[in-house]
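Comments concern the structure below.
The values are calculated or read from the model by the stated rules, or taken from the named source; none is laboratory data. Here the structure is a predicted model, which is why all the values come from computation and not from measurement. Here Cβ is always computed from backbone atoms with ideal geometry, including for glycine, and neighbour counts include all displayed protein chains. Remember, those area values only see protein heavy atoms, side chains included, never the ligands or the DNA or RNA. Shrake-Rupley method; radii C 1.70, N 1.55, O 1.52, S 1.80 Å.
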Amino acid sequence: MMTESTARLTALPAWQKLKAHYEQISDTHMRELFASQSNRFEDFSIAWEDLFLDYSKNRITEETIQLLVELATEGGVPEAIESMFQGEKINTTEDREVLHTALRSDVNKPFIIANGDDVMPEIQTVLEKMKGFCDAIHSGQSTGYTGKTFTSVVNIGIGGSDLGPHMVVNALKFYQKDIDVYFVSNVDDADVSETLKKVDPETTLFIIASKTFTTWETLTNAHSAREWFLRSGADEAALSKHFVAISSNIDDAVAFGIAEENIFEFWDWVGGRYSLWSAIGLSIAIAIGFSKFSELLAGAHAMDKHFRETPLEKNMPVILGLLGIWYNNFFGADTQAIIPYDQYLEYLPSYLQQADMESNGKRVTKHGEVVDYSTGPVIWGTTGTNGQHAYFQLLHQGTRLIPADFIAGIESLNNVGEHHRLLIANFLAQTEALVRGKTEAEAKITLEQSGLGEEEIEMILPHKVFPGNQPTNTLFYQKLTPYNLGALIAMYEHKIFVQGIIWDLNSFDQWGVELGKNLAKVIFEELGDGKPVATHGQSTRGLINYYKRKSPKDS
Ligand code: F6P
């Protein structure tokens, strides 16, 4: 039964102390905080392997961090971390363990979960199958039905079966082998049609990626791809050379027509949005080769160890999670921007949208109580410097508090002219501008120096003031390698985990996507004939009937 929140979180002593502390420091400008703490950069930064996090440009003091760490402790974060790594069934509403960390664990060591099973042997079996499959494609030993080597792969999936692999394949394009990898996700026929225009049926491998193998969009796209393939002249027997599936639902994949030996298994203890480390990463492994895929896993594993073993106050994902809570729950920030100054990370914000918003976009606690505090923020962003010429105006002079993560590599992979220096100059300049701003007095001096008259200065001056005090985290990685990318993604996964624990949510279910899916099934049937409907609410009924009237009659 659903009850009003028992306010477990907001009653915690640390929460109460943070509330009082917020009252004390919320009006303090970061200029003052920097002026009063000469070691702020050293105190508020974490160096770990090839990653460096500077979180000094936040509206925090030593006391803030101390209280936030207290909140994490009182909120049970250390115990929750252990529960996840020990394979307890922390996904309570689906009665499942949460074991994506096992997928990237050391294959030579057992990973014994709470019920006593070692999950590593089955993980290893699938990894070996993936390796054999990738190697055969790369060596040309495995070919299409006419004997030609594969030149393209089309991954058909959506949500976690698309966003993770798509983001990673794009991010690691620099390392890509001589094979094109495409992603079809949207049920809009433009997606599949435009992709199929680019590939040749004789040299294309289709990967049907769906954990449940019931997802409407994916199955529809898979059917269309199969029909296109057969229409091209290939016969049914050729299908097994060109279509493989990745799923935890072997029966439905077989029923779809995928040969059992062409199915790469994963398990219900891998959440869709945490699945790129599983066989769902097959498109990644084909794109960059299996050994580089293993490096991606190794980077994530190293971050897992950091997360599990490092004290909370020096733990990157914990600190990021706590800072997010500070702004979300005390400053009332509704959004969190992710701004990679790395074109290869173009799809990181959309990947993190699902990772974060599907995990923590919840309004009841694990125990079914309605929360009395806000939970997951809206995640958004694009690459810099592009964002600077789009929405940065609002960050600099708008009315909202928008915490932002700025992410960049120290080394360029391409080293063309001065591009990278220019990129990093912008990267650093923006966070400095966001923290410092420009006072009225400073703005006036600049205007006077430009030779403007008094009247003109008076008119333009308010427009030239920047309040500053906008919080940012700066994250550097040495170079965008598979290993560092693995670590970066795992860092965000764990940040989301920390927040979910503090908000007392089950971050591993996604019941919120069901209602719309079910309604779509009803409406799909209703759209199938020419008759007006009398069902639904006024607006939806009106729209359905308008659509039906305006749709071209059977061509
Ligand atoms: O959008 C809901 C969802 O279930 C996601 O959690 C999941 O990643 C996506 O659909 C795709 O699901 P599947 O891999 O089962 O096709």
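Okay, here's what the table says:
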| read-out | value |
| --- | --- |
| Condition met for Val498 (within 16 Å of the ligand (Cβ to nearest atom), of a type outside the set (S, T, N, Q), assigned to a helix (DSSP H, G or I) and under 30 Å from Leu352 (Cα atoms)) | no |
| Residues of the stretch 64-97 that turn out to be closer than 16 Å to Phe508 by Cα, charged (D, E, K, R) and open to solvent by 70 Å² or more (accessible area, probe 1.4 Å), as a count | 3 |
| The stretch 118-128, residues that are more than 26 Å from Ile179 (Cα to Cα) and either open to solvent by 20 Å² or more (accessible area, probe 1.4 Å) or of a type in the set (Lys, Arg) (or both) | Asp118, Pro121, Glu122 |
| First in the stretch 342-361 and under 27 Å from Val416 (Cα atoms) and in contact (Cβ under 8 Å) with a residue 60 or more places away in the chain, second anywhere and crowded, with 19+ Cβ neighbours inside 10 Å and among the acidic types (Asp, Glu), Cβ under 9 Å, 6 or more apart | Leu348/Asp342 |
| Residue ID - most open to solvent (accessible area, probe 1.4 Å), chosen from residues in the stretch 129-151 that are part of a helix (DSSP H, G or I), over 19 Å from Leu239 (Cβ atoms) and free of Cβ contacts under 8 Å to residues at least 60 places away in the same chain | Ser139 |
| Answer residue from the stretch 22-60, given it is surrounded by 19 or more Cβ atoms within 10 Å (Cβ to Cβ) and among the basic types (Lys, Arg) and is nearest to Leu401 (Cα to Cα) among those | Arg59 |
| Residue satisfying all of: in the stretch 454-472; open to solvent by less than 30 Å² (accessible area, probe 1.4 Å) and free of Cβ contacts under 8 Å to residues at least 40 places away in the same chain; nearest to Leu434 (Cα to Cα) among these | Leu461 |
| Yes/no for Gln499 being open to solvent by 40 Å² or more (accessible area, probe 1.4 Å), under 30 Å from Gly376 (Cα atoms), at pLDDT 95 or above and within 28 Å of the chain's Cα centre (by Cα) | no |
| Extreme residue, modelled with the lowest pLDDT, among residues of the stretch 266-277 that are within 11 Å of the ligand (Cβ to nearest atom) and farther than 18 Å from Gln176 by Cα | Phe266 |
| Cross-chain or 6+ apart pairs with Cβ under 7 Å, the stretch 246-274 first and under 19 Å from Glu94 (Cα atoms) and small (Gly, Ala, Ser), then in a loop (DSSP other than H, G, I, E, B) and more than 9 Å from the ligand (Cβ to nearest atom) | Ser248/Phe266; Ser248/Trp267; Ser248/Asp268; Gly271/Val98; Gly271/Phe508 |
| Among (1) touching a Ser or Thr at 6+ places or on another chain (Cβ under 7 Å); (2) part of a loop (DSSP other than H, G, I, E, B), the one test that Leu480 misses | (1) |
| Matching option when the condition is out of contact with any Gly (no Cβ under 8 Å at 6 or more places or on another chain) and either open to solvent by less than 70 Å² (accessible area, probe 1.4 Å) or without any contact (Cβ under 8 Å) to a residue 60 or more places away in the chain (or both), among Gly486, Gly516 | Gly516 |
| Restricting the stretch 309-368 to residues that are within 16 Å of the ligand (Cβ to nearest atom), touching a strand residue (DSSP E or B) at 6+ places or on another chain (Cβ under 7 Å) and of a type outside the set (A, V, I, L, M, F, W, C), the residue that is least open to solvent (accessible area, probe 1.4 Å) | Asp356 |
| Any helices (runs of 4 or more DSSP H) falling wholly within the stretch 154-247 and containing at least 2 residues that are closer than 28 Å to Gln353 by Cα and either near the ligand (Cβ under 10 Å from one of its atoms) or not small (Gly, Ala, Ser) (or both) | 163-171, 189-196, 216-231 |
| Selection from the stretch 98-117 of residues that are over 17 Å from Asp304 (Cβ atoms) and open to solvent by less than 60 Å² (accessible area, probe 1.4 Å) | Gly116 |
